[in-house]
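Take a look at the structure below.
The values are calculated or read from the model by the stated rules, or taken from the named source; none is laboratory data. A quick note: this is a predicted structure, and the numbers were derived from the prediction, not measured. Neighbour counts are summed over all protein chains in view; Cβ atoms, including those assigned to glycine, are modelled from backbone coordinates with ideal geometry.
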Amino acid sequence: MSAYLESRAGIAKSTFSILTSWSAPPCSNLQGPTVKNAIITGGGGLILKALLADGVLRRPDDDALLNALEYIGTVFDNSEVRDAGHGVGERVFANVFDMVLAAMRTGGIDGGDSRLFRGQYDSRWQLVPSYYRAHPRPAEHLKYSILEGQLAYLQKLHPHADLAGLSRPQQEAVVQHYFSGTELLDFTTSMYVAAFFATRRDQRTPTAEMGAVYRISRGDIAELGLGMIESLELPPEFSRIHRQQGVFLRTRFRQAINDAGLFERWVFYHTEAAREFVCDQPPISHSQLLPEDMATRNAGTG
């Protein structure tokens with residue numbers, strides 16, 4: 001990894017922290033959050049000038065903020081377009097925080113009701129549900145017996161959880177989040193959550209040069225007939241799903257969904273300086289998104 005990429009990753013991580021912790025002041029008839037969004041997305045130049053003219057951002061402590069606002073305008077200029085493993089040219093950012101800053105710049109952090117995200121540690125990986133990664137893949141008639149076994153083991157680990165009271169799709173979703181091995185693909189409505197999983201590597205996973213975050217439109221999935229999005233309501237004790245803002249894709253055509261260039265992907269170089277994507281607000285960390293235990297029903301999702 002080049003010294004330049006490592007240096008930039010450290011600056012990007014600091015910049016991200018400064019911008020996410022900044023509470024912008026109101027300006028004219030605009031509230032602080034609106035002011036902040038306008039400035040970060042590049043459409044608030046006049047607002048920024050007004051704040052500077054009024055002396056609101058002229059304190060010595062504001063130098064770091066002004067530098068951060070200047071930095072966010074450089075993330076696209078410091079990216080490149082190259083083949084990241086799928087045989088087509090894709091936008092590749094210098095590190096994961098540059099990628100997220102670019103999403104902030106374009107207003108693409110919150111998927112809302114229309115956009116979904118999925119983070120993958122290796123940009124060469126395809127969209128393949130864990131059920132189909134098994135070698136050999138379980139026979140079709142064994143699929144539900146395997147699911148029942150996973151549910152029984154999960155019930156033993158968490159005896160207070162009412163797994164039997166869940167519908168079959170809900171049971172699959174719970175197994176997917178706490179084990180894997182289902183026909184579902186995990187997605188999230190938060191790019192921050194996707195960025196966390198795009199930098200998460202366990203000891204069994206070989207190191208990769210680049211990670212990737214998919215940005216997929218719900219409408220495209222429906223229009224192309226490639227699968228069905230399932231936003232499942234689950235009791236609060238299944239906190240992982242709630243904290244990860246999880247939704248699920250049940251694929252219909254596993255090969256077609258991996259056609260190169262079909263879906264937008266933002267790719268980034270893995271670096272030591274930005275090895276893991278974490279965030280204070282909203283809280284994004286291993287302990288927050290992957291709690292070891294299920295919450296009790298009256299404890300909520302945290």
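Quick notes on this structure:
- A single entry from Ser167, Ser145, Ser180 fulfils the requirement of being modelled with pLDDT under 85, out of contact with any Lys or Arg (no Cβ under 9 Å at 6 or more places or on another chain) and not aromatic (Phe, Trp, Tyr): Ser145.
- Residue check for Arg254: more than 16 Å from Gly119 (Cβ to Cβ) and in a loop (DSSP other than H, G, I, E, B): yes
- Scanning segment 205-235 for residues that are at pLDDT 85 or above, in contact with a strand residue (DSSP E or B) (Cβ under 9 Å, 6 or more places away or on another chain), among the β-branched types (Val, Ile, Thr) and more than 15 Å from Gly85 (Cα to Cα) yields a single hit, Ile216.
- Residue in segment 220-233 that is within 30 Å of Ala94 (Cα to Cα), touching a residue at least 24 places away in the same chain (Cβ under 8 Å) and surrounded by fewer than 20 Cβ atoms within 10 Å (Cβ to Cβ) present: yes
- Number of positions in segment 27-47 that are outside any helix (DSSP H, G or I), in contact (Cβ under 8 Å) with a residue 12 or more places away in the chain and more than 26 Å from the chain's Cα centre (by Cα): 3
- Selection within segment 1-25 - farther than 20 Å from Asp63 by Cβ and either crowded, with 16+ Cβ neighbours inside 10 Å or at pLDDT below 90 (or both): Met1, Ser2, Leu5, Glu6, Ala9
- Residues of segment 48-73 that turn out to be surrounded by fewer than 17 Cβ atoms within 10 Å (Cβ to Cβ) and not in a helix (DSSP H, G or I), as a count: 6
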